[in-house]
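Right, one structure below, let's go through it.
The values are calculated or read from the model by the stated rules, or taken from the named source; none is laboratory data. Computed from a prediction, not measured in an experiment: that's the story for all the values here. Every residue, glycine among them, receives a Cβ derived from its backbone with ideal geometry; neighbour counts consider all protein chains shown. Accessible surface areas use protein heavy atoms only, side chains included; no ligands, DNA or RNA. Shrake-Rupley method; radii C 1.70, N 1.55, O 1.52, S 1.80 Å.
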Amino acid sequence: VIDLESGERVLISDELWGSYAFDALDWLPDGRLAYGVMHQGEQGASPQLWTVQADGSDLTLLWEGKLERFGSVTWIPGTGLILFSVDPGGYADENLSYRVISMEGATDKEIMVGGNPASISISHDGRQILRYVTRFSYDPLRLVGEEFVLTTLDY
Amino acid sequence: VLQAGSPYTRAYDRNRVVVAIREEPPLSPEPQPVYLLDLETGDMTELGQAVRGWLVRVNATGYVTFLTDDSIEVIHPLLDTRSSVLPRLEEPEAEAYAEAAFDGRKVALVEKHYSEAALST
C-alpha cells in the first residue's frame, strides 16, 4: 500500500499471488483491504482470503480453501459482503465457483458458477452481477459458446 | 474501437463509463488512451495513457486508477484531482496493477514477479 501524499510504502504480503487473473484484491468501505494469496504450507499451496488494515495491522484470515486458485476478490457495493471466485481445477472460467462471505468472515456460500473473473461487473446497488461466460470443448480445444449473463443476487 | 462490456470498459456512474481504446493486436504493449465517456452527450475526456488497458480500475467513490509506462495514476475526473506515484518495479518483467482506496489517499499495488523458470516456459 502506497500513501499518495507521503510516498510511504507498507508491504502487506509477499506470498504467491492467489489469482490466475489480476483481480484478487479490493478495498473495503471501512478502509481495510481484502486479498487472496496462495499460501505455501506443508500440504502444498492453498488459497487464503485475508483482510488487513492499510497500515498492515489487524491481519485476519477470512477463508481458506484446498487446491483451488482465486479468480477474483470484490467488495459488493452497499453490503458487508465480499464476492470471491475460486477455480476448482484447470484453467476454465466456466467452472469458477463464485462465493460470498461477510467482511467479518461468516460462513461462505456459493451463489453462481462460471464467468471470466476479469469481466465481472457489479451494479452500484450491489444487487446485480454481469458476467462474461465462455464454454469450451476440449478435444480439440475450441470455443463453443459465449454469452453475457445478468444475475440478480439473493442473499 | 470501443468494445462495450469487455474488460476494457468500466462503469463509472449511471451516465458514464471509463474506456480504454483497444489497440491491435489485442495484447499490444503500446499504451492505450483512457477516456471518461458520457453516454448521454457523447463527450469524451482523456484521462491518460494506460499500459494493459484491461487493468484500469474504477472504485466506488469515483477514483480511476491505472498504470502508465512509468507511474501509477489515481484520478478523480469529477473532482478534477490527479495523483501520480512511481511503482518502482524492481524487475522489468514484473507486471502490476493498482487500486485506489475509497478516500483516494492510498493505493494498493500488486506486483507479479516471475521466476526465470516460469519466464522461459
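Values as computed for the structure displayed
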read-out: Debye intensity ratio in log₁₀ form over the Cα atoms of region A:49-90, taken at each q of 0.18, 0.29 Å⁻¹; value: -0.64, -1.07
read-out: Averaged over A:27-33, number of beta-carbon atoms from partner chains that fall within 10 Å; value: 4
read-out: Pair B:Arg105, B:Thr41: separation of 7 Å Cα→Cβ label points (nm); value: 3.2 nm
read-out: Cα-centred dipole magnitude for the protein assembly as shown, charges only on beta-carbon of K, R (+1) and D, E (-1), debye, nearest 20; value: 600 debye
read-out: Peptide B:54-63 - average C-beta neighbours from other chains (10 Å radius); value: 3
read-out: Mean residue ellipticity (222 nm) of the protein assembly as shown, computed from DSSP H runs ≥ 4 via -39,500 (n - 2.57), nearest 500; value: 0 deg cm²/dmol
read-out: Accessible area (Å², per residue) of chain A, counting only protein heavy atoms and a probe of 1.4 Å; value: 49 Å²
read-out: Buried area at the B-A interface (accessible, heavy atoms, 1.4 Å probe, summed, Å²); value: 2400 Å²
read-out: Loop-resident sites, region A:58-151, for GluC sites (Glu not before Pro), counting at most 16 other Cβ within 10 Å (DSSP); value: A:Glu104
read-out: Neighbourhood charge, 10 Å Cβ-Cβ cut-off, centred on A:Ile120 and excluding it, Lys, Arg +1 and Asp, Glu -1; value: 0
read-out: The protein assembly as shown - Debye-derived log10 I(q)/I(0), Cα point model, q = 0.11, 0.15, 0.17 Å⁻¹; value: -0.62, -1.25, -1.65
read-out: Cα shape, region A:1-131, gyration tensor, a/c 1.5 rule; value: oblate
read-out: Label point distance in nm, A:His124-A:Asn95, each placed 7 Å from Cα along Cα→Cβ; value: 3.9 nm
read-out: Gyration tensor (alpha-carbon) shape descriptor, region A:77-135, a/c threshold 1.5; value: oblate
read-out: Computed over chain A: relative contact order in percent, which uses C-alpha pairs under 8 Å that are six or more apart; value: 14 percent
read-out: Qualifying lysines (Cα of each under 20 Å from Cα of A:Lys66; at least 8 residues distant if same chain); value: A:Lys109
